[in-house]
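The values are calculated or read from the model by the stated rules, or taken from the named source; none is laboratory data. As the structure is a computational prediction, the values presented were derived from the model and not from experiment. Note that each Cβ is placed from the backbone with ideal geometry, even for glycine, and that neighbours are counted across all protein chains shown.
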Amino acid sequence: MSRSGRVRTDALAALRIGEFRALSALGLLVMIAVQAQSVAIAWALYQITRDPLVLGLVGLAEAVPFISLALFGGYLADHRDKRTLMRIALTLMVAASGLLIAVMQTPVRNAMGPWQWLGLVYGSLMLMGLARGLFSPSATALRAFVVPRALYPNAAAWSSTAMQSGMVLGPLLGGLSYAAYGLTTTLWGCAALLVAAIALSLWLRPRPPLSHRAQGQSVMQNIAEGLQFVRRTPVILYALALDLLVVLFGGVIAILPMFAEEILLIGPDALGLLRAAPAVGAIITILICTRHTPTYHAWRNLLLACAGFGAATLVFAVSTHFWLSVAALFATGAFDSVSVVIRQTLLQIYTPDALRGRVQSVNSVFISTSNEIGAFESGLAAKLLGAVPSVLFGGAMTLGITGLIGHRTRSLLRLRVTPESQG
């Protein structure tokens, strides 16, 4: 460790493990498919309805089933083979993609009323949310079993790189494919990527569960153990709460089609670039984090990252130039990636092996609430206030929340995550 507190390590350490490479590649394919599908569906819905609230309801349709199942999914991840659960979830995702392909066909839309048709679209997205509620805790918990504890920060950085790479490639491919080949071809490509992810799961070994339900203990009591652990561990509780509230109010991804169409005057291909900008910033920052981890001064860096996210959101709100908007979104991704690496490292280090699935499911609920419920909040706020005022409000709320939580958690500024705490 350098005298400045920055920890140097083998930047490729986690990638030298074959199972970790397979798990990361699998996650990359899933993220590309989900993001490309999201861009295509959002653009199509806005072109048809011209209503930002319809875009917000897309996030809500995915979030409600995800949040409903995620805690039970974490329970299953601790008590069943994680690899099998991932395959079941991926199969459900393929089924949901097939339903979306059918529902988005013009003859189907013309054969029914607008709200009936939207109900089928949202129903397909709800099935996708259910599948993600099963997939997320299983895949995230499995990562802790394929790398040694000393490599958790490095593994978190590379896993985040795979996720953010998917968030770059997915919107770009989704937007370009939509512009060149149309909606149906784009959705078929997303389904094919999910099938490829199922094939990659063949490289993962089964692992017996480490947790067993105590005699006389109900499933709900067992699930509650994860919630109780988070509540008793301030650094995890506040890290999750900070991420939830910052992204809930500061996220703008859901209403990007509105900014693209009405403020920046761009098409679906440029929208894909706009959607990819945060992930490009995240990838570059995370690659730096693989060599210079931000976790030594973990809490200080987490607060600075959240404040930077809010400031970049305010810049995006007032921008009327495409490349300035891209730069602002790039900055939001860069700051968010620091938060992700720190939060994931803290979760991996402080969570007991027998509780990993359940604690990760709590994390998944927080993330889904911030992302999908945040998407609904963005759509609703844009409908009530207008696009620019709603984002200004969100950026200001992000800065205020970061300041308030920072004041309440001053004792955590003394936290130091060192190689000894990871071993």
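General remarks:
- The set of residues in the range 397-423 that are aliphatic (A, V, I, L, M) and modelled with pLDDT of 75 or more comprises Met397, Leu399, Ile401, Leu404, Ile405, Leu412, Leu413, Leu415.
- Selection status of Ile373, farther than 23 Å from Ala276 by Cα, surrounded by fewer than 23 Cβ atoms within 10 Å (Cβ to Cβ) and among the β-branched types (Val, Ile, Thr): no
- Among the candidates Val326, Val341, residue that is touching a Cys at 6+ places or on another chain (Cβ under 6 Å) and assigned to a helix (DSSP H, G or I): Val341
- Subset tally (residues that are touching a helix residue (DSSP H, G or I) at 6+ places or on another chain (Cβ under 6 Å) and among the acidic types (Asp, Glu)) for the range 72-90: 1
- Just one residue in the set Met126, Met112, Met104, Met163 is at pLDDT below 85 and either surrounded by fewer than 24 Cβ atoms within 10 Å (Cβ to Cβ) or of a type in the set (Asp, Glu) (or both); that residue is Met163.
- Qualifying residue in the range 407-416 (condition: buried (at least 20 other Cβ atoms within 10 Å of the Cβ) and part of a helix (DSSP H, G or I)): no
- Filter result for the condition that a residue is surrounded by fewer than 21 Cβ atoms within 10 Å (Cβ to Cβ), assigned to a helix (DSSP H, G or I) and aliphatic (A, V, I, L, M), over Leu55, Leu92: Leu92
- Just one residue in the set Ala139, Ala157, Ala191 is surrounded by fewer than 24 Cβ atoms within 10 Å (Cβ to Cβ), part of a helix (DSSP H, G or I) and on the phi < 0 side of the Ramachandran plot; that residue is Ala191.
- Single residue of Gly133, Gly175, Gly170 found to be surrounded by 24 or more Cβ atoms within 10 Å (Cβ to Cβ), over 18 Å from the mean Cα position of the chain (by Cα) and assigned to a helix (DSSP H, G or I): Gly175
- A residue that is farther than 24 Å from Ile373 by Cβ and charged (D, E, K, R) cannot be found anywhere in the range 116-139.
- Note on the range 255-293: residues that are in contact (Cβ under 8 Å) with a residue 24 or more places away in the chain, part of a loop (DSSP other than H, G, I, E, B) and more than 20 Å from the chain's Cα centre (by Cα) amount to 6.
- Breaking point among (1) in a loop (DSSP other than H, G, I, E, B); (2) of a type outside the set (D, E, K, R); (3) at negative phi, for Ala307: (1)
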